[in-house]
Amino acid sequence: MSHILLVRHAQASFLEPDYDKLSPTGEIQAHMLGEYWASRKVAFNRVYSGPRVRQIDTARIVTEICRRSQGASAELAVLPEFDEYHGEDVLRKSVPELTKTDAGIRDLHAAFQSAATSEEKRRTFQRMFEAVISKWVDGEIFLQGVESWSDFCARVNRGLAKVMSDTVPGGRVAIFSSGGPIGAAMQRALNLSPRDTLRVTWMSRNCSYSEFLARGDRFTLSAFNAFPHLDDPALLTYR
C-alpha cells in the first residue's frame, strides 16, 4: 500500500488585502509540522502542492526543515489539480444578487458588514460563506465562468489518480493543498454526499494532515485532520 498524506495549508492572511500568503501564525504552524516530521524521520518519495502561494509556501517550509534534517529529499512539484475551489469568485458573483432575493443571505451579509472586531468578522463571514457555498454545491447557484462543484471534484480526482499512478508501491507522498481538495479526497474514500463532503472541508484545521492508503484503484482513509504537532491551543485555527 502507498501512503498519501494531504496537508491543509497553514493559516493564510484572512481579512488582509492579500489573503493568499501565510500569516505569522501560519509560518509557525508550518515550521512545527516540518520539525515534527523531521524528528520522526518521515521521508517522502514525492511532494506535491497546489498552485496557491499559501499552499506552496507551506510545502516549502515543511520540506526545507525535513531536508536539513535528513539530507536529500523529493523536489516539490506543483499540480493545478490541487487548487482550492473558487469560493471567492462564487461569493463575488453571487452575493450582490442574493442580498436582493434571499433574506437570510441579506441578514448574514449585513452582520458581516457591521462586525466591529476581527473575531466577529471571522465568525460572521464564515456563516455567510457556508450559506452561499452550500447553495452553490446544491446547484442552486450557476455562475458563468466559475468552475462548478462537480467539476471541482472531478479535477481533484484527476490529480489523485495521477499521484496514485506515479507513486511506487509502498511509497509515501505528501500533497499540500486546501480544505476543498481534502474533502474531495474524503468523498472518494468514503463515498460521501456532496453536502457531507462540504461539511468535511470546514472541519480541516490549518496545517493538519490526513492520510490515505492506495493500491491500484483502491483509496481508503487511514487518518483525518491530524495535528499532533500543534500542541499550543493558540495554533489551532480554521482560517
Kindly indicate whether any position in the stretch 200-215 is more than 22 Å from residue 93 (Cα to Cα), modelled with pLDDT of 95 or more and among the β-branched types (Val, Ile, Thr).
no
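So that you can scan it fast, the table gives a plain yes or no per residue for (1) of a type in the set (A, V, I, L, M); (2) at pLDDT 95 or above; (3) under 18 Å from the mean Cα position of the chain (by Cα):
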position	(1), (2), (3)
2	no, no, no
11	no, yes, yes
18	no, no, yes
23	no, yes, yes
29	no, yes, yes
34	no, yes, yes
44	no, no, no
52	no, yes, yes
58	no, yes, yes
Tally, over the stretch 191-211, of residues that are within 22 Å of residue 28 (Cβ to Cβ) and either touching a helix residue (DSSP H, G or I) at 6+ places or on another chain (Cβ under 7 Å) or of a type in the set (Lys, Arg) (or both):
5
Within the bounds of the stretch 177-188, is there any residue that is surrounded by 14 or more Cβ atoms within 10 Å (Cβ to Cβ), polar (S, T, N, Q), at pLDDT 95 or above and outside any helix (DSSP H, G or I)?
yes
When you check residue 176 against the structure, is it outside the structural domain of residue 30 (by TED's automatic domain parsing) and closer than 24 Å to residue 21 by Cβ, yes or no?
no
Just the residues that are part of a helix (DSSP H, G or I), among the acidic types (Asp, Glu) and free of Cβ contacts under 8 Å to residues at least 60 places away in the same chain, please, taken from the stretch 89-130.
89, 97, 107, 119, 120
Of the residues 230, 221, which single one is out of contact with any strand residue (DSSP E or B) (no Cβ under 9 Å at 6 or more places or on another chain), of a type outside the set (D, E, K, R), surrounded by 14 or more Cβ atoms within 10 Å (Cβ to Cβ) and modelled with pLDDT of 95 or more?
230
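Yes/no matrix, rows are residues, columns are (1) within 30 Å of residue 216 (Cα to Cα); (2) outside any loop (DSSP other than H, G, I, E, B):
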position: 35; (1), (2): no, yes
position: 44; (1), (2): yes, no
position: 55; (1), (2): yes, yes
position: 65; (1), (2): no, yes
position: 84; (1), (2): yes, no
Going through 193, 165, 210 one at a time, which residue ends up being under 21 Å from residue 228 (Cβ atoms) and not hydrophobic (A, V, I, L, M, F, W, C)?
210
Would you point out the residue of the stretch 155-197, among those that are free of Cβ contacts under 8 Å to residues at least 60 places away in the same chain and of a type in the set (Gly, Ala, Ser), that is nearest to residue 219 (Cα to Cα)?
189
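The values are calculated or read from the model by the stated rules, or taken from the named source; none is laboratory data. None of the values given here were measured: they were computed from a predicted structure. Every residue, glycine among them, receives a Cβ derived from its backbone with ideal geometry; neighbour counts consider all protein chains shown.
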